[in-house]
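Q: First, the structure itself, so that you have it in front of you.
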Amino acid sequence: MDKNKFDAVFPIICSSVVQKIGSEYMLDDTAAIQKLYTTKLYEYLEREETKFWQYSTEKLFELWHEEIKYGKFTFPQI
């Protein structure tokens, strides 16, 4: 995906994951954003070449939850 397209979809993807975090943990948007932005998952997600942006909101939330719970996440098998 070219940079312009990625730059357009990245905020949408992050927003959906933040909403999921907020709803599951009863956090406001600011707290949910902080929870996402401080993870390794976010570091991978913000880099187009990792292709993490292709995962569903549910899968990204599962990876985020795994990292929060265990301090790491397992790369999905594709």
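Q: Would you please list the contacts, defined by Cβ atoms under 7 Å and residues six or more apart or on different chains, that run from a residue in segment 49-78 that is touching a residue at least 12 places away in the same chain (Cβ under 8 Å) to a residue that is of a type in the set (D, E, K, R) and surrounded by 12 or more Cβ atoms within 10 Å (Cβ to Cβ)?
A: Every condition considered, the pairs that remain are THR57/LYS20; PHE61/LYS20; GLU67/LYS40; PHE73/GLU66; PHE73/GLU67; PRO76/LYS59.
Q: Of all residues in segment 1-13 being touching a residue at least 12 places away in the same chain (Cβ under 8 Å) and part of a helix (DSSP H, G or I), which is farthest from LEU60 (Cα to Cα)?
A: Here the answer is LYS3.
Q: Just name the residue that is surrounded by the fewest Cβ atoms within 10 Å (Cβ to Cβ) out of those in segment 14-60 that are in a helix (DSSP H, G or I) and in contact with an Asp or Glu (Cβ under 7 Å, 6 or more places away or on another chain).
A: LYS40
Q: Is it the case, given these coordinates, that GLU67 is more than 26 Å from LYS3 (Cα to Cα), more than 12 Å from the chain's Cα centre (by Cα), in a helix (DSSP H, G or I) and charged (D, E, K, R)?
A: Judged against the criteria, GLU67 is not a match.
Every number here is computed from the coordinates shown, using simple stated rules; none is lab data. All values reported here derive from a predicted model rather than from experimental measurement. A quick note on method: Cβ atoms are made from the backbone with ideal geometry, for glycine too, and the neighbour counts reach across all protein chains shown.
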